[in-house]
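> Structure provided below as structure tokens; questions to follow.
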Amino acid sequence: MGPVLLVSGVVATAFGMWRGYRHARDVVAPLAHPGEPTKTAVEATQPLVERARIRRAIRSLAASLAWLAVAMYGLFLASTGMAVR
């Protein structure tokens with residue numbers, strides 16, 4: 001049972017970290033690039049919760065945290081698999 005837990009934990013950790021990184025990168029990308037000036041000016045007149053960039057950033061942040069939780073669970077599985085032997 002130990003090797004199964006170890007392998008599944010390593011796979012979950014690697015996959016969760018990779019997907020978490022990709023979603024975190026999507027959160028940071030709008031901060032690094034100013035975007036189109038006209039679209040930025042139009043979005044500035046909208047309330048904060050109606051802006052597409054804000055909604056996309058919040059959605060990506062939530063997905064990133066969820067995938068990082070999967071990665072942490074994978075670490076738990078791997079450590080349990082090492083202890084069971």
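Derivation of every value follows stated rules applied to the coordinates shown; laboratory data play no part. None of these values were measured; they are calculated from a predicted model. Here Cβ is always computed from backbone atoms with ideal geometry, including for glycine, and neighbour counts include all displayed protein chains.
> With the requirement that a residue be under 15 Å from residue 68 (Cα atoms), of a type outside the set (Ser, Thr, Tyr) and buried (at least 17 other Cβ atoms within 10 Å of the Cβ), what does region 1-27 give you?
Passing the criteria: 9, 12, 16, 17, 19, 20, 23, 24, 27.
> Sticking with this structure for a sec: Restricting the search to region 30-46, which residues are within 23 Å of the chain's Cα centre (by Cα) and surrounded by 14 or more Cβ atoms within 10 Å (Cβ to Cβ)?
Correct list: 30 only.
> Looking only at residues in region 67-82 that are small (Gly, Ala, Ser) and either without any contact (Cβ under 8 Å) to a residue 12 or more places away in the chain or touching a helix residue (DSSP H, G or I) at 6+ places or on another chain (Cβ under 6 Å) (or both), which one is farthest from residue 5 (Cα to Cα)?
71
> Now a separate question. Sort out which residues of region 23-54 are touching a helix residue (DSSP H, G or I) at 6+ places or on another chain (Cβ under 8 Å) and either under 30 Å from residue 83 (Cα atoms) or not in a loop (DSSP other than H, G, I, E, B) (or both), and write them in order of number.
Across region 23-54, the qualifying residues are 23, 24, 26, 27, 30, 43, 48, 49, 52, 53, 54.
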